[in-house]
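The values are calculated or read from the model by the stated rules, or taken from the named source; none is laboratory data. Here the structure is a predicted model, which is why all the values come from computation and not from measurement. Cβ atoms come from the backbone with ideal geometry, glycine included; neighbour counts cover every protein chain shown.
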Amino acid sequence: MTSKRHTIRMERPINREVFIQPWAEAGLAAASSPADPTPSLRIEDGVVVEMDGLQQQDFDLIDRFIAQHSLDLDVAEEAMATPSLQIARMLVDINVSRDEVLKLTRGCTAAKLVEIVEQMNVLEMMMGLAKMRARRTPANQAHVTNRKEHPALLAADAAEAALRGFHEVETTVGVSRYAPLNALAILVGSLVGKGGVLTQCSVEEATNLRLGFRGLTSYSETLSVYGTERAFADGDDTPWSKAFLNAAYASRGVKTRFTSGTGSEALMGHAEGKSMLYLEARCLLVTRGCGSQGTQNGSISCIALPESLPGGGRVVLAENLIAMMLGLEVASGNDALASHSEMRKSAKLMLQFIPGTDFVTSGYGSIPRYDNMFGGGNFDTTELDDWYVIQRDMQVDGGIHPIEEEAILHVRERGARAIQAVFDAFDFAEIEDSEIDAAVSAFSSEDMPDRDRIADIKAAQMLLEGPITIIEVINTLARAGYEDVAENLLEMQRQRVIGDYLQTSGIFARDETPASDTSPRLPQQPRPHLHVLSGLTDENDYRGPGTGYRVEGRRWQQLQNIPQAWDPREFLEELDREARAPWLEEVGPAEVGTRPEVVIAVGPAFGDGLHRALSGLELRDILDALIEGVAAEGLDARLVRIHHTSDCAFIGHSGALLSGSGVAIGIQSKGTTVIHQRDLEPLENLELFSMSPNLDLPAYRQIGVNAARYAQHKPTTPVPVRIDNTARLRLIVQTTLLHRRETESVTDKPPTELTLRRNL
């Protein structure tokens, strides 16, 4: 036998996931595999001769590289001798600086790093992230791709992403030969949104290098590293070749970060029985040894594998922390689809979102999931408002900010038209005005017309191999009236020569009106110089309460100003504009009744300042329905206003004390209603109708009927009430404002008799 509750639970999104028991021999253990080594290090004459239980002659290529290039041997012996629990406590101790921790962790082996984080729970790791990230100011990265590789849509989406505050924009391709065109589209589009946005096109390494050398991209995170020798060999690489690639990018001013993902070795069949966390620690030491300033880690596209295992989410957080302990910039995943469950997705995100990382996602799908060529994306454009509201709820900076729709449409059009101008100048396949119009308002590439793919591929190859340089692109934009975009693009080339943004965790900041607020038809204002925020110029100085990055001032105003937030004073002003001639008239003090009747007791502002219930029903119509219901049972309804309270229970009880039958209906101006009886306590009642938005006029009429039946001691079936658990979510603010207005009308005046003016 299966219960219905079990059947329904099994249909929940969470139960579409795969969950497995650990199998360490196959590498299917998130942490603490029996094959994981115990930390050890022995140095003779400045050479590592033993590391994590292995003698020098038994080192594989990764061990050799780590021993030669990744450890600070000046502090290694001290670091390895310091108890792991002590270092773990240093990570969360607000009296210990980040620099003090980094001094020790520079000398830790992979097994030692794992042993340190294994002392910590998730909350403690989050505290460690808050202190150990390199850059003080959090940031975010966007994915901008589409299935049709449509340049106008790419440029429009990149412009929007930049305007929303993403500091990096990343694209990729379905057809590799499109890469140069896609890179150009997001480069131009992002610099329409704002100056200083870093862009990349994720493709095969040789093409990626050429794009960077030609100025079409400014960063790369395609340099993948692995935690076992065989996985490295299958990746056609070694740590030394990765170090060479890193130097090649840096020589041309292209920022790089490496990529590693918990579970990749198990996925490739080369885990050697080691845990995912231990192998990731090896990857991160290789990254540091190669001289890369940072890493994209957090399991990335492998995320479903560690999350199928116990402790998988904790291990993903642990790998982010280990990367920070090594002084690396951390782009902390949250990019690949991690779960079918919205609750589980959000729980995973919060581990990085709340403490903050250098890049909270790498990246956020700023386009629909349908168009995300990186594998769907964990979050997409439909969830931007959720992101903004969570920032607002927690006063946390998740790296982006809300923008009014008018500004979005404007910048999308400018982005699309800017790339149109470039295509026209280079005699590429024309981007027609109809394509621009579609790109401005499109949801996805399904809303875009098809293009001549052969012609676009030809243009892409011409861009990569022909005589066109980034200088021609700059001149074209300037001649077409996009001087601000041309200047932004020229400035990016200048910054590549300077090279300051190659510092650890470098992003660009500038204090000026976004480029989207300008028009090519208006005179351009002088534009300030870009400045670099990095682990050097914007060092994280978190040391507990009152220190480190705080969301405050202008940035807090920007984050909290979501477009859908309305001014509550405007709601009350609208109520005032609805003021109308009084339709309830006071005719003297209310006396205790002496005959069978139902008193209808109304609140202090009912029909006198407030005329519409929370449901939108007119209060006069509600009152008519109540009176009609009472009359249907052969009784009279007497109207009374209660002045001394705005509480529904006390309004109803006060009415019952005045009723000849001892039964009354109490009703607040927002529509909440109660049937009360004289001999009950005020907070007891016969029937309570607290969900006023769910009451319609037939329901109010039935309330009148029931009150009259109670007054005549007749058997009475309670009024059926429709339950809507979302009503509070939708209407609690309006409820508060209506009740505030009612409460403002409270006086110490005794109850008064009312009459309904029928001639209005």
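Any chance the range 379-398 includes a residue that's in a loop (DSSP other than H, G, I, E, B), free of Cβ contacts under 8 Å to residues at least 24 places away in the same chain and within 17 Å of ALA347 (Cα to Cα)? For the range 379-398, residues in a loop (DSSP other than H, G, I, E, B), free of Cβ contacts under 8 Å to residues at least 24 places away in the same chain and within 17 Å of ALA347 (Cα to Cα): present. Whether any residue in the range 674-681 is touching a Cys at 6+ places or on another chain (Cβ under 6 Å) and either under 28 Å from THR743 (Cα atoms) or hydroxyl-bearing (Ser, Thr, Tyr) (or both) is what I want to check. Looking through the range 674-681, at least one residue is touching a Cys at 6+ places or on another chain (Cβ under 6 Å) and either under 28 Å from THR743 (Cα atoms) or hydroxyl-bearing (Ser, Thr, Tyr) (or both).
Among the residues of the range 486-535, the ones that are at pLDDT below 90, β-branched (Val, Ile, Thr) and either buried (at least 18 other Cβ atoms within 10 Å of the Cβ) or part of a helix (DSSP H, G or I) (or both) come to 1 in all. Could you tell me whether the range 26-33 includes any residue that is under 19 Å from LEU279 (Cβ atoms), part of a loop (DSSP other than H, G, I, E, B), touching a Ser or Thr at 6+ places or on another chain (Cβ under 6 Å) and of a type in the set (A, V, I, L, M)? So far as the range 26-33 goes, yes, one or more of its residues are under 19 Å from LEU279 (Cβ atoms), part of a loop (DSSP other than H, G, I, E, B), touching a Ser or Thr at 6+ places or on another chain (Cβ under 6 Å) and of a type in the set (A, V, I, L, M).
Among the residues of the range 454-484, which ones are small (Gly, Ala, Ser) and touching a Gly at 6+ places or on another chain (Cβ under 9 Å)? Of everything in the range 454-484, nothing turns out to be small (Gly, Ala, Ser) and touching a Gly at 6+ places or on another chain (Cβ under 9 Å).
In the range 57-161, counting only helices (runs of 4 or more DSSP H) that sit wholly within it, the ones holding 2 or more residues that are more than 33 Å from the chain's Cα centre (by Cα) and at pLDDT 95 or above span 61-65, 73-81, 84-92, 98-105, 110-117. Taking ALA438, is it touching a residue at least 24 places away in the same chain (Cβ under 8 Å), touching a helix residue (DSSP H, G or I) at 6+ places or on another chain (Cβ under 9 Å) and either of a type outside the set (Lys, Arg) or not in a loop (DSSP other than H, G, I, E, B) (or both)? Yes: the conditions hold for ALA438.
Quick one: which of ILE62, ILE43, ILE14 is of a type in the set (A, V, I, L, M) and either exposed (fewer than 12 other Cβ atoms within 10 Å of the Cβ) or without any contact (Cβ under 8 Å) to a residue 40 or more places away in the chain (or both)?
ILE43
One residue alone among SER224, SER251 is touching a Lys or Arg at 6+ places or on another chain (Cβ under 9 Å), surrounded by fewer than 24 Cβ atoms within 10 Å (Cβ to Cβ) and of a type in the set (S, T, N, Q), and that residue is SER224. Taking the range 85-104 as the range and being touching a residue at least 12 places away in the same chain (Cβ under 8 Å) and loosely packed, with under 14 Cβ neighbours inside 10 Å as the test, the residues that pass are LEU85, ASN95.
In this structure, does HIS643 turn out to be without any contact (Cβ under 8 Å) to a residue 60 or more places away in the chain and either of a type in the set (D, E, K, R) or at negative phi (or both)?
no
The set of residues in the range 719-753 that are of a type in the set (Ser, Thr, Tyr) and farther than 28 Å from GLU573 by Cβ contains only THR752.
Confirm whether THR726 is within 14 Å of LYS670 (Cβ to Cβ) and under 53 Å from the mean Cα position of the chain (by Cα).
The answer is no for THR726.
Need pairs with beta-carbon distance below 6 Å; first residue closer than 11 Å to LEU635 by Cα and within the range 701-719, second in a helix (DSSP H, G or I) and of a type outside the set (S, T, N, Q); sequence gap 6+ or separate chains. Short answer, once both residue conditions are applied: GLY704/LEU626; GLY704/GLY629; GLY704/VAL630; VAL705/GLY629; VAL705/ALA632; ALA708/VAL630. If you filter the range 465-485 down to residues that are among the acidic types (Asp, Glu) and surrounded by fewer than 20 Cβ atoms within 10 Å (Cβ to Cβ), you find that the one that is nearest to ALA206 (Cα to Cα) is GLU465.
Does GLY655 satisfy the condition of being part of a strand (DSSP E or B), surrounded by 20 or more Cβ atoms within 10 Å (Cβ to Cβ) and of a type outside the set (A, V, I, L, M)?
Considered against the rule, which asks whether it is part of a strand (DSSP E or B), surrounded by 20 or more Cβ atoms within 10 Å (Cβ to Cβ) and of a type outside the set (A, V, I, L, M), GLY655 comes out as no.
Scanning the range 658-698 for residues that are of a type in the set (A, V, I, L, M), within 23 Å of ASN725 (Cα to Cα) and not in a loop (DSSP other than H, G, I, E, B), we see that the one that is farthest from the chain's Cα centre (by Cα) is ILE675.
The condition of being without any contact (Cβ under 8 Å) to a residue 40 or more places away in the chain and of a type in the set (Ser, Thr, Tyr) holds for only one of THR82, THR137, THR109, that being THR82. For first residues located in the range 676-697 and touching a residue at least 60 places away in the same chain (Cβ under 8 Å) and of a type in the set (Gly, Ala, Ser), partners that are surrounded by 15 or more Cβ atoms within 10 Å (Cβ to Cβ) and part of a loop (DSSP other than H, G, I, E, B) and lie 6+ apart or on another chain with Cβ distances below 7 Å form the pairs SER692/ALA613; SER692/LEU614; SER692/SER615; SER692/LYS670; SER692/GLY671; SER692/THR672. What is the number of the single condition among (1) hydrophobic (A, V, I, L, M, F, W, C); (2) touching a Pro at 6+ places or on another chain (Cβ under 7 Å); (3) under 19 Å from GLY603 (Cβ atoms) that ALA656 does not meet? That leaves (2) as the condition not met. Within this structure, ARG412 fails the test of being modelled with pLDDT under 95, within 20 Å of ASP371 (Cβ to Cβ) and basic (Lys, Arg). Residue under question is ARG678, and the condition is that it be out of contact with any Asp or Glu (no Cβ under 6 Å at 6 or more places or on another chain), closer than 22 Å to GLY660 by Cα and among the basic types (Lys, Arg); does it hold? Answer is yes for this residue.
Here ILE20 passes the criteria (1) touching a strand residue (DSSP E or B) at 6+ places or on another chain (Cβ under 8 Å); (2) not in a loop (DSSP other than H, G, I, E, B) except the one numbered (2). Here MET373 clears all of (1) of a type outside the set (Gly, Ala, Ser); (2) over 17 Å from VAL197 (Cβ atoms); (3) modelled with pLDDT of 95 or more except the condition numbered (3).
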